[in-house]
Every structure is written in C-alpha cells, then in structure tokens.
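To keep things clear, I will list the structure first and then write my remarks on it.
The values are calculated or read from the model by the stated rules, or taken from the named source; none is laboratory data. All figures in this text were calculated on a predicted structure; none of them were measured in a lab. Methodologically, a virtual Cβ is constructed for each residue, glycine included, from the backbone with ideal geometry; neighbour enumeration extends over all protein chains shown. Protein only, heavy atoms only, side chains kept; ligands, DNA and RNA dropped before computing areas. Shrake-Rupley method; radii C 1.70, N 1.55, O 1.52, S 1.80 Å.
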Amino acid sequence: MRRGVAIAVVSLCLLSAGCAGLFGDGTAARETVTPAPVPTAEATASPEQRAPGIVGDRVVNATALGRAHVGQLSSTSYQVRHTRTVRNDSGVYKRVRTRASISTGYRSYRATRTVTGPGVTAREIHSTWRNGRALRWTTVNGSTSAEVVADSRGIGGPPRPPRAALFFEPTFNGRLITLLSVTNVTSIRPGGSVIKQLYGVSLYRIKGAGATDDRTIATRPVDRVTNVSLSATVTPNGVVRSYALQYTTVNGTETRRVTESLRYSDLGTTEVAFDTWHGSAPTAGRTDQYNRTE
C-alpha cells in the first residue's frame, strides 16, 4: 500500500507540475505557455544551419538551392527589384529595371519593366493579375498596346496560371542557378549586424570571383567574359535575398561592363495596390492601341 501511495503522489506531481523537489522551484507551472510561431520565409534558423545545396563554404547543389528559393517565395508575399545596366566607353548603353509586388501564392500582382538607354528603343511594360485575369500594357514611343495575356475562365485569353502569365520569372530561378553553379565561390560567411539590420533576418553572405564557364554568365553570346564578381545573401531556409554581379564582355572590338542587382524585400508583408488606369481592361480577344496621357 505504501508503494501504491508513493506512485500516486509522483503521478499527481507529474500532472500538476507543482512538486519543487522534482521540477525546480515551480516557476514553469506559473507561466503561461505560448504556442510556437509557425515558420515563415523570414524565420531565423540556427547559425549552424546552411541553406539546401550549401555545405560549408561551397555551393554543392545550386539546383537544390533554387528549388528551396522558389518554394519559399511561392508561400509568401514579396517585392522584387532587378536592375541590369550595360555600359560602354560612352557611358550607359542600356538599362533594364524590373519591379514587382506579388501576393502570397501569386493570387494578385503588379509588375513594371522599363528599358532605357541610347542603345535601345525605350519601352515600358506593365502587367497585372487580379480577379483571375492577367493584363499587359506595353508603351513604345508614347503609344500603348493592351492585351489580355491570360484568363482563368478562358474568356479573352488562355487559362494560364498567374505566375506563367507574367512577362518575367519573378523568382529569377534560372539565373540564380546558373550564377551559383559556375561562379567560383570563395567564401560563405554569416552576415554581420549591418546585413541583419538591412534585411531584418540572419543570413549568409556568398562571395565569388571568376567562373568555371565564363560564357554562361553573359545573357547574350559574346566572344569573351572576364572580371566576374558575385556577392549574394541567402537565408538558412534557402531564400536568396539578393545578389550583385559584375562582369566585362568583349565582343569583337567592343568592350562593355555589365552590372546586375537583385533584391527581395517585404516578405510576408507586401500588399498589392493597383493604379486607377489598370482598372480598364482591353477588349477581350484583341489588342487595343491608345495613347497614355498621365
């Protein structure tokens, strides 16, 4: 009987967590238990954790890292900014700026691309996805054409998914895999306090110089690529938050300096807002031409 009483006492202690001799001073019993937060794309991992595809100071599987990057961005809202600038001896030859605000799961988005510079015909592209329909406006020399790129109901446009209807790949997955596959990575180190303050999360900084396959760095065929330099940031769960790339191309007798920058921000907090003029859809089944006066 005494043994039975002892077991009962211990069992009571386990249920009530009130026996100081077994569980300390009982402080834990008085505190309110808060449920653990659900992990998000911005969640901070332990310092020892490396992103998928990264082992030590090497990117051993850029494709695995790319898949993690795409997967994380597909489950959150975000803003993306990408700029590519080409310079020659006379200065800026061409500049392409791409900006987009995207909701969780690509339920809605708006994106803009501007192409400027003396070496190209200036143009501006706007794209939206809202209410199951993708619309696109392209402005060249003051004249704007509008079209229905996709419609989830198949009315006036093919029933394409929203991400496929965008005029660019918002995750830049292919470009990231190429750069991280061929660049000679020299170091992968935890970012300092400035980096953490800038992005609001702990992440790693990747640095590289040179490439195992120089020509894949250039976005167009050239004779030679030199002076490759890459700096990127990546979270432990695989989101490549940014990269800065520089390289030189030699094509015949012409030498050009190319810079690229990519950054993702406002993960999980982005709200997609639409301009008033985005409310007027083009006529279904054809492309409208009009002059934009704003």
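So how compact is segment 42-182: Cα radius of gyration and Dmax in angstrom?
Using the Cα atoms of segment 42-182, the pair Rg, Dmax is 18.1, 54 Å.
Ordering Arg175, Arg50, Arg58 by how much accessible area each has at a 1.4 Å probe, largest first, what is the list?
Of Arg175, Arg50, Arg58, the descending order of accessible area is Arg58, Arg50, Arg175.
Stretched out fully, how many nm does the piece from Ala244 to Ser265 gain, at 0.36 nm a residue minus the Cα gap?
Extending this stretch completely gives an extra 6.1 nm.
Given a 1.4 Å probe and every protein chain left where it sits, what share in percent of the accessible area of segment 77-178 is carbon and sulfur?
So the carbon and sulfur contribution to the accessible surface is 46 percent.
Roughly what would the spin-label model give for Asn184 and Ala209, points 7 Å off Cα along C-beta, in nm?
Output for this residue pair reads 0.9 nm.
Could you give the length gained by full extension between Asn227 and Asp57, i.e. 0.36 nm per residue of separation minus their alpha carbon distance, to one decimal place?
Roughly 59.1 nm would be gained on extension.
If you count only protein heavy atoms with a 1.4 Å probe, what accessible area per residue comes out for segment 41-140, rounded to a whole Å²?
Per-residue accessible area for segment 41-140 comes out at 45 Å².
Leaving ligands, DNA and RNA out of it, work out the accessible area of Glu169 with a 1.4 Å probe and give it in Å² to the nearest 10.
Counting only protein heavy atoms, Glu169 exposes about 70 Å² to solvent.
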